[in-house]
Amino acid sequence: MLLLSPMASAQSLGEALQECPGTLTGSTEPRQIHLQLTDNPSKVVVMWATARRGNAVVEWNGQSADGDSYCYNHDMAFHMASMTDLTPGEEVTYRVGDGNDWSQEYTFTPIDIEAERFEWIAIADHGDSSEALDVSEAIIADTTAQMVTISGDISYADGEQSVWDDWFANQEASMTRIPWVTAVGNHENEPGFEFTPYAHRFDADEVKEAEPFWYSRDFSGVHMVFMSTEHDYDSSSVQYAALEADLSAADANREQRPFIVVIAHKPMYSSNGYHGSEIALRVAVEELYQNHGVDLVIAGHDHFYERTWPVYQEEPQTFGDEDGTLFGQGSGPIHIVAGNAGRTPYTEMDEPQPAWSAYREVDTFGYMKLIYDGESRSLSFTFHRTDETIGDQFTIQEGVLNEKMEEQFQFIPGFGTLLPVISIICAAFFRNDSHCCSESDMVSC
Ligand SMILES: [Fe+2]
Ligand SMILES: [Fe+2]
């Protein structure tokens, strides 16, 4: 499903030559090749850059299609072309070029959004530091992820456009075989350029030079919403109306896709002292997320790792099973801050740790791996550090957790309504080791 979003205007050849005269000369070797998802699983867009402006052609599995070429105020020409009539789950071999000079051949497998299993990697706040390259290397080495999501702050070009060129080159070994799907961060709004570089280098709508800032995609078991914390999101905004319509439709389609995940940059819950919780965002959309049962929100912006309990209005709604690592649905979203993919860590944290914060760590780098398993109808989440240790891990399963426990106690009048109160008392007691406080502990609390 594609949501309504503002778009840049198309560019004539005359405008392009005026803006990017440097693209009249140079190499036609395709670089920065990257796949982009569309909202049609049998259609995949490929984008690339060349020093010299020229034709755009993609060849795949014996077929060929012409694409579009364009540029912005930077001396590289950009190209995009669509591979169509693909069979989800079946490998495709492709190459791109101008009809004379070609890239090498690459292969990818279009995502089957009705398969039994779906795996993806999530990161935020990336850039090109040596730590960021460690994360890139780990992503490239992963052979089972079918996609990468970035919750904003992607290259940190900040007006220096060659930084984007280098960033795409760094990820090329991954991006030629799986799509990287993005939400914008504050660093995509560049000095002197605003969102123009982002709009020319990524594509989620098959319209050249025009990137929607909010949209959604369906995958096996998961409806995923990419929203923008960098555009209006208050209740009278266009984005809010689009989010409301999208989440409402997704919530009515749980049988097909049990989980709703939001990818966005600024976190509405963060106990980091650098930025902290984005209160205006929480005021604007938390109730919407709660009412439509959003299961997981993956944000960045603060350069550390944090996971909340399922939370609403700053109150933890449940502590999951006895290990505090298995959760059901319907309590409230779990919020992740995953701003630890390569930028300088923000090490000062709010003390004491808020009751809604389940786990947090600073000074580490890594990526999140998420797996939807259609057999158990569960979504598992693992934070992998780049030193190959695991930082955090939990699973959300379809339906309400501990139904049995609630049935057991339903003879006690008002037990259900007391649960959140008991949870908060527990959290206060166990603040220093909140993993030990679970719903089963509540019985003895
Ligand atoms: Fe950042
Ligand atoms: Fe940011």
- line: Computed over segment 114-401, protein heavy atoms only, probe 1.4 angstrom, the accessible area per residue in square angstrom equals 32
- prompt: So how much slack lies between T364 and T93, counting 0.36 nm per residue of separation and subtracting their Cα-Cα distance, in nm?
  reply: 93.8 nm
message: Accessible area of the chain with a 1.4 Å probe: how many percent of it is carbon plus sulfur?
response: 46
- line: Counting only DSSP beta bridges with both partners in segment 148-234, the antiparallel fraction in percent, to the nearest 5, comes to 60
- prompt: Which residue, Y372, Y305, Y346, has the most motion in a Gaussian network model of the chain that connects Cα atoms within less than 10 Å?
  reply: Y346
query: What value, in deg cm²/dmol to 500, does the helix sum -39500 (n - 2.57) over DSSP H runs of n ≥ 4 give at 222 nm once divided by the residues of the chain?
result: -6500 deg cm²/dmol
- request: Sticking with the crude label model, points 7 Å out along Cα→Cβ, report the distance from E287 to D350 in nm, one decimal please.
  value: 2.1
statement: From most to least accessible, 1.4 Å probe, no ligand or DNA/RNA atoms counted, E172, E315 line up as E315, E172
message: Pick from I154, I298, I113 the residue whose mean-square fluctuation is largest in a GNM of the chain, springs joining Cα atoms under 10 Å.
response: I113
message: If you restrict to DSSP beta bridges whose two residues both lie in segment 114-401, what percentage is antiparallel, to the nearest 5?
response: 65
Of G54, G366, V400, farthest towards positive along the dipole that unit charges on Lys, Arg, Asp, Glu beta carbons give the chain: G54
field: S237 paired with A252, simple spin-label distance in nm, labels 7 Å along Cα-to-beta-carbon
entry: 2.5
- prompt: Name the residues of segment 201-216 whose amide N is less than 16 Å from a point 7 angstrom out from the Cα of E194 along the C-beta direction?
  reply: 201, 209-214
message: Sequence gap at least 6, Cα distance under 8 Å: using those rules, report the relative contact order of segment 145-215 to the nearest whole percent.
response: 34
statement: By the Cα gyration tensor axes a ≥ b ≥ c (a/c under 1.5 gives rounded; else a/b larger than b/c gives prolate, otherwise oblate), the shape of segment 114-401 is rounded
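What do you reckon, how do K43, K369 stack up by accessible area (1.4 Å probe), largest on top? Intermediate results must be reported in sequence, preceding the final value.
Numbers: K43 55, K369 25 Å².
So the residues, ranked largest to smallest area, are K43, K369.
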query: By accessible area of protein heavy atoms, probe 1.4 Å, what ranking do S270, S42 get, highest first?
result: S42, S270
query: Averaged per residue, what accessible surface does segment 9-110 expose to a 1.4 Å probe, in Å²?
result: 45
query: With +1 on each Lys and Arg Cβ and -1 on each Asp and Glu Cβ, how big is the dipole of the chain about its Cα centre, in debye rounded to the nearest 20?
result: 280
query: What residue among H231, H223, H34 has the largest mean-square fluctuation in a Gaussian network model of the chain, using Cα springs under 10 Å?
result: H231
task: Can you tell me how much longer the chain between L133 and T389 gets when fully stretched, taken as 0.36 nm per residue apart minus their C-alpha distance, in nm with one decimal?
output: 90.4 nm
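The values are calculated or read from the model by the stated rules, or taken from the named source; none is laboratory data. Every value quoted in this text rests on a predicted model; they were computed, and no experiment measured them. Ideal geometry is used to build each Cβ from the backbone, glycine not excepted, and the neighbour counts take in all protein chains shown. Heavy atoms of the whole protein, side chains included, go into the accessibility calculation; ligands, DNA and RNA do not. Shrake-Rupley method; radii C 1.70, N 1.55, O 1.52, S 1.80 Å.
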